[in-house]
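Here the structure is laid out as structure tokens; the discussion comes afterwards.
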Amino acid sequence: MKVVKHQVRLTGSRLGEKLKKLELSRSVTLMEVCGTHTHALFRSGIRHLLPDRVKLLSGPGCPVCVTPPGYVDLALQLAGYQDTIIATFGDMIRVPGNRGSLRQAKAEGADIRLVCSPLDALALAEEYPLKRVVFLAVGFETTAPAVAATVLRTAKGGYTNLTFLTAHKVIPNVLRALLTGKEVALDGLLLPGHVATVTGAQALKFVPEDYGVPAAIAGFEPVQMLAALLELAPMAAESNPVLENLYGELVTARGNLQAQALMEQVFTTVDSTWRGIGTIPESGLVLKPELADYDTRLVYGLAENDSPGPTGCRCGEIITGKKIPPECSLFKTACTPERPVGPCMVSSEGTCGAYYKYNV
Ligand code: SF4
């Protein structure tokens, strides 16, 4: 299979018209893997332009949504320790674990800080040398390199009061798990441009080559998503297994080698538990043994429980395309953005949150 590069030349409205009028030889089910795409597709109105023969499901590319509840419980446990600061990206703070959320813990006095970058956690460690800072290292290939760089900087600077509670995941093997599963027949994948910027397009060629499923790498602007769907839907209808790179301005064949080198220097790939999906081989990242001094679980001697998460929450089925949010009995009733039951409603990349926000 070859990686094809395309330039988007038509305007968004012309592409939109083309998509609306697209004629396909059969009905197809596509999946946008990434939560950023999920929200961008709703926000731009592109979902309303899809022809009847295209069904679009949302996938597992929302880092908060796939983080198991036991991880949140562990973060809550750490938040209860004296002289401990939990540093986290914003989405994590509202995700419910089995004993509440970090937001509730913060309201009860725990020292929880929202940060925009892992380097902010290092700045906290510098500012508060007598406190222990725990950074909640959650995210895909898009955030792992920055965390890796921060771990190295922490080690080089001799900081002993910053550790990393890792829950990093990588995309390729969850795609394999999705495509191997028999419950949802996917005819094509819309792949996330930012992940591919790091991994390179070649790392995603296995989708057409091993599974016979066409795929398109897309950016997040409306014209980029439209162009990708216009390529992907016909390929899916014709069962033409090709990987098209529609984000050629940023995604190269081999990806960001510097980011990959940072990840390789700091992380080991391990089997990892995905919320609602289970354990997927070689789909998570943990710190290498030589960086054990910065691994929160090892420093504190902790391990997370493997609880299944809130009763009635269907996040696991939603991020695998088996259900859509309105098929969850809690959607818009017991579960709303103000009172979320599961992470898919909380996260800015969550499918339930998108369906709620855009009133589907
Ligand atoms: Fe879970 Fe709420 Fe989504 Fe239902 S609507 S799947 S409870 S997040």
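Summary of computed values
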| quantity | calculated |
| --- | --- |
| Enumerated helices (runs of 4 or more DSSP H) restricted to the range 279-360, each holding at least 1 residues that are open to solvent by 80 Å² or more (accessible area, probe 1.4 Å) and not hydroxyl-bearing (Ser, Thr, Tyr) | 296-300, 351-357 |
| Members of the range 167-222 found to be part of a loop (DSSP other than H, G, I, E, B), under 12 Å from residue 246 (Cα atoms) and in contact with a Gly (Cβ under 7 Å, 6 or more places away or on another chain), listed by number | 219, 220 |
| Counted residues, the range 234-267 - those being open to solvent by 20 Å² or more (accessible area, probe 1.4 Å), in contact with a helix residue (DSSP H, G or I) (Cβ under 8 Å, 6 or more places away or on another chain) and within 30 Å of residue 69 (Cα to Cα) | 4 |
| Every residue from the range 94-115 that is farther than 19 Å from residue 138 by Cα, open to solvent by 40 Å² or more (accessible area, probe 1.4 Å) and either in a loop (DSSP other than H, G, I, E, B) or small (Gly, Ala, Ser) (or both) | 99, 107, 108, 109 |
| Residues that are more than 8 Å from the ligand (Cβ to nearest atom) and either of a type in the set (Ser, Thr, Tyr) or in contact (Cβ under 8 Å) with a residue 40 or more places away in the chain (or both), drawn from the range 308-326 | 308, 309, 311, 316, 319, 320, 321, 322, 324 |
| Filter result for residue 268 (among the hydroxyl-bearing types (Ser, Thr, Tyr), more than 16 Å from the ligand (Cβ to nearest atom) and farther than 23 Å from residue 186 by Cβ) | yes |
| Close pairs (7 angstrom Cβ cut-off, 6 or more residues apart or separate chains): without any contact (Cβ under 8 Å) to a residue 60 or more places away in the chain in the range 327-349, assigned to a loop (DSSP other than H, G, I, E, B) and of a type in the set (A, V, I, L, M) anywhere | 330/341; 334/341; 335/341 |
| Any hit, the range 71-93, residues being open to solvent by less than 20 Å² (accessible area, probe 1.4 Å), closer than 19 Å to residue 189 by Cα and either touching an Asp or Glu at 6+ places or on another chain (Cβ under 9 Å) or outside any strand (DSSP E or B) (or both) | no |
| Selection within the range 280-322 - touching a His at 6+ places or on another chain (Cβ under 9 Å) and not small (Gly, Ala, Ser) | 285, 286 |
| Residues of the range 57-70 that turn out to be out of contact with any Ser or Thr (no Cβ under 7 Å at 6 or more places or on another chain) and open to solvent by less than 10 Å² (accessible area, probe 1.4 Å), as a count | 4 |
| Yes/no for residue 143 being open to solvent by 10 Å² or more (accessible area, probe 1.4 Å), touching a Gly at 6+ places or on another chain (Cβ under 6 Å) and touching a residue at least 60 places away in the same chain (Cβ under 8 Å) | no |
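The values are calculated or read from the model by the stated rules, or taken from the named source; none is laboratory data. On a predicted model such as this, the values are computed, not experimentally measured, just so you know. Reconstructed Cβ throughout: ideal geometry from the backbone, glycine too, with neighbour counts over all protein chains shown. Accessible surface is based on the protein model in full, side chains and every heavy atom, while ligands, DNA and RNA are left aside. Shrake-Rupley method; radii C 1.70, N 1.55, O 1.52, S 1.80 Å.
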